[in-house]
Amino acid sequence: MFRRLETTESGEIHFSYEGRDIVARAGDSVAAALLAAGETALRETPVSAAPRAPYCMMGVCFDCLVEIDGVGNRQACLTPVADGMRVRRQRGARVVL
Ligand code: FES
């Protein structure tokens, strides 16, 4: 569905999504890296657990919410990937500690 544009950019970043190793490019957002890796549904709604995928890619729709390093409600489209980052699908509402 999604594919990367050809580029001369280099620099791999490794992070995990649901325990799976994902290779991203430096400068990718978490959402862009996950879409390029074939992951589409990044969260489930609190009421019906319906899957949601990133839609606007600019911080408006909030359909890209994920848990990053144990913190929920992070917008994947606005968060740059970082080496070693642990990303999980957000299931339902964020748990407030
Ligand atoms: S994709 Fe819409 S806010 Fe992230």
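Computed from the coordinates by the stated procedures, all read-outs in this text should not be read as laboratory data. Note that the structure is a prediction, hence the values are computed from the model and not measured. Here the Cβ is made from the backbone with ideal geometry for all residues, glycine too, and neighbour counts use every protein chain on show.
Remarks
- Subset of the range 26-41 that is crowded, with 18+ Cβ neighbours inside 10 Å and among the aliphatic types (A, V, I, L, M) - its residue that is farthest from the ligand (Cβ to nearest atom): A33
- Scope the range 13-25; condition of a type in the set (A, V, I, L, M) and either surrounded by fewer than 13 Cβ atoms within 10 Å (Cβ to Cβ) or within 10 Å of the chain's Cα centre (by Cα) (or both); matching residues: none
- In summary, strands (runs of 3 or more DSSP E) completely within the range 42-97 and bearing 3 or more residues that are more than 14 Å from the ligand (Cβ to nearest atom) and surrounded by fewer than 18 Cβ atoms within 10 Å (Cβ to Cβ) occur at 86-91.
- Some residue of the range 20-32 being in a helix (DSSP H, G or I) and under 15 Å from N73 (Cα atoms): yes
- Counted residues, the range 37-62 - those being within 22 Å of V96 (Cα to Cα) and touching a residue at least 24 places away in the same chain (Cβ under 8 Å): 6
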